[in-house]
């Protein structure tokens with residue numbers, strides 16, 4: 001990250017952030033992708049939205065050849081996809097930092113491959129920057145940066161009410177090549193019910209590597225655990241034997257020793 005967080009942002013982003021900061025201690029209107037219910041619950045939790053923050057990176061994904069009959073990680077592709085997401089996340093955090101935010105809630109990570117060049121992909125991170133009314137910065141990370149979280153506004157409120165707080169959105173990924181069967185192996189299994197051990201082992205290994213890397217990130221944030229974990233699977237148009245597992249969740253720490261869990265309440269919807 002550059003010494004000045006604004007250096008990596010485009011001019012129009014700088015202008016938008018400066019406008020949202022307001023003048024004389026009075027902020028201009030905020031923007032947010034929170035739903036009405038999420039907005040109200042975030043406010044009730046003691047946080048005020050200060051602006052929608054975005055980070056993006058269009059990344060060229062390099063080439064790596066795989067050995068036909070071997071299960072193995074495609075390290076070049078793994079690193080490319082991780083670094084591109086990290087760039088998008090860092091730029092989103094830079095915007096939140098400039099707004100004086102304590103954190104970012106409802107973070108979403110998106111990836112889209114360009115139709116005009118299959119080697120290029122756009123990675124986008126987007127969320128709503130929030131600031132706690134205490135103004136003491138106690139919700140920031142151990143490095144003094146705004147926390148990130150992909151929890152919904154409702155889950156964010158419940159987490160805080162229960163005595164926990166988010167410290168960061170953590171992720172791990174792995175691009176893996178699944179070994180092809182030899183002609184003899186394929187012929188033996190043709191027409192039979194049998195486990196495809198090459199796929200089983202490869203997908204198991206890939207998930208484990210992604211999970212391990214996410215857990216390492218959480219340990220770096222001194223987290224107690226990770227909630228809301230999701231595992232995504234895709235191959236982005238690569239060979240059918242090359243697949244990525246991407247794992248993401250929100251790392252949390254306790255704010256107090258006792259944890260009062262709000263009692264569940266029955267809610268009947270009046271919608272059709």
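The values are calculated or read from the model by the stated rules, or taken from the named source; none is laboratory data. Note that this is a predicted model, so its numbers are computed, not measured. For neighbour counting, all protein chains shown are included, and Cβ atoms are generated from backbone atoms with ideal geometry for every residue, glycine included.
Can we say residue 101 is modelled with pLDDT of 90 or more, buried (at least 19 other Cβ atoms within 10 Å of the Cβ), closer than 23 Å to residue 14 by Cβ and within 16 Å of the chain's Cα centre (by Cα)?
No, not satisfied.
Return the residues of the stretch 121-151 that are part of a strand (DSSP E or B) and surrounded by fewer than 21 Cβ atoms within 10 Å (Cβ to Cβ); say none if nothing qualifies.
121, 122, 124, 126, 132
Looking at the stretch 196-228, which of the residues that are part of a strand (DSSP E or B) and without any contact (Cβ under 8 Å) to a residue 60 or more places away in the chain is farthest from residue 112 (Cα to Cα)?
Looking at residues that are part of a strand (DSSP E or B) and without any contact (Cβ under 8 Å) to a residue 60 or more places away in the chain, I get 225.
Quickly run through the stretch 229-252 and pick out the residues that are assigned to a strand (DSSP E or B) and surrounded by fewer than 17 Cβ atoms within 10 Å (Cβ to Cβ).
Once the filter is applied, which keeps residues that are assigned to a strand (DSSP E or B) and surrounded by fewer than 17 Cβ atoms within 10 Å (Cβ to Cβ), the stretch 229-252 yields 229, 230, 231, 232, 233, 234.
Which number in (1) in contact (Cβ under 8 Å) with a residue 24 or more places away in the chain; (2) surrounded by 15 or more Cβ atoms within 10 Å (Cβ to Cβ) marks the one condition that residue 86 misses?
(1)
So, residue 120, is that one at pLDDT below 95 and touching a helix residue (DSSP H, G or I) at 6+ places or on another chain (Cβ under 9 Å) or not?
It is false that residue 120 is at pLDDT below 95 and touching a helix residue (DSSP H, G or I) at 6+ places or on another chain (Cβ under 9 Å).
Going by the conditions given, is residue 181 modelled with pLDDT under 95, farther than 17 Å from residue 73 by Cα, more than 16 Å from the chain's Cα centre (by Cα) and outside any helix (DSSP H, G or I)?
Taking the combined requirement at face value, the residue satisfies it.
Would you check if there is a residue in the stretch 129-139 being in contact with a helix residue (DSSP H, G or I) (Cβ under 8 Å, 6 or more places away or on another chain) and either under 17 Å from residue 223 (Cβ atoms) or at pLDDT 90 or above (or both)?
Yes, because at least one residue in the stretch 129-139 is in contact with a helix residue (DSSP H, G or I) (Cβ under 8 Å, 6 or more places away or on another chain) and either under 17 Å from residue 223 (Cβ atoms) or at pLDDT 90 or above (or both).
Restricting the search to the stretch 12-48, which residues are part of a helix (DSSP H, G or I), surrounded by fewer than 16 Cβ atoms within 10 Å (Cβ to Cβ) and modelled with pLDDT of 80 or more?
Across the stretch 12-48, the qualifying residues are 36, 37, 40, 44.
Taking into account only those residues within the stretch 152-167 that are assigned to a strand (DSSP E or B) and within 18 Å of the chain's Cα centre (by Cα), which is surrounded by the fewest Cβ atoms within 10 Å (Cβ to Cβ)? Outline the logic, then answer.
Within the stretch 152-167, the first condition is being assigned to a strand (DSSP E or B), and the residues that meet it are 164-167.
With within 18 Å of the chain's Cα centre (by Cα) added as a condition, the list becomes 165-167.
On the way: 165: 18, 166: 27, 167: 23.
For the stretch 152-167, the residue satisfying everything is 165.
Checking the condition in contact with a helix residue (DSSP H, G or I) (Cβ under 6 Å, 6 or more places away or on another chain), modelled with pLDDT of 70 or more, part of a strand (DSSP E or B) and within 29 Å of residue 259 (Cβ to Cβ), which residue from 170, 175 passes?
It is 170.
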